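Below: one structure, written as structure tokens.
Bear in mind that the values in this text are calculations on the coordinates, not laboratory data. Here the structure is a predicted model, which means the values were calculated and not measured. Note that we place each Cβ from the backbone using ideal geometry, even for glycine, and neighbour counts take in every protein chain shown.
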Amino acid sequence: MTSATLLAHDSHTARAGAPSEEGSEALTNQAALDLLRRLPGVNDRTALSLMRRFGSLAGVAACSEAALVDALGDRLLGSKLHAFLQAPFPTNS
């Protein structure tokens, strides 16, 4: 993958040495990218697009449904991803 230009917020989870598009060294968070690829509606291309646009997994999770639709370029996929990210955890009350 040649577009690994994602910045990691936690240097302990980052992997140094992945070349950026400009050819300089950059930190990447490969674990976050791998996790993102497993979410509904996300593939290799859209995972990189989401991380570039929103900066982190937290940024992806916090964005609006409209922003996800725009980022993924597909209303159904964006809505599906947003619903997944915003779904509450079941509780045992």
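How large is ³J(HN,Hα) for each residue in segment 39-56, as worked out from phi by the Karplus curve 6.51 cos²θ - 1.76 cosθ + 1.60 (θ = phi - 60°), to whole Hz, x for Gly and Pro?
Here the 3J(HN,Hα) series is 7, x, x, 10, 10, 4, 5, 6, 4, 5, 4, 5, 5, 5, 6, 9, x, 6 Hz.
Using 0.36 nm times the number of residues separating residue 58 and residue 44, minus their current alpha carbon distance, what extension gain do you get?
Working: separation 14, 0.36 × 14 = 5.04 nm, distance 1.85 nm.
The span from residue 58 to residue 44 would gain 3.2 nm if fully extended.
Each residue of segment 30-36 in turn: what ³J(HN,Hα) in whole Hz from Karplus with 6.51, -1.76, 1.60 and θ = phi - 60°, glycine and Pro shown as x?
Karplus-based 3J(HN,Hα) across segment 30-36 equals 4, 4, 5, 5, 4, 5, 4 Hz.
Please compute the modelled spin-label separation between residue 86 and residue 37, points set 7 Å along Cα→Cβ, answer in nm with one decimal.
2.8
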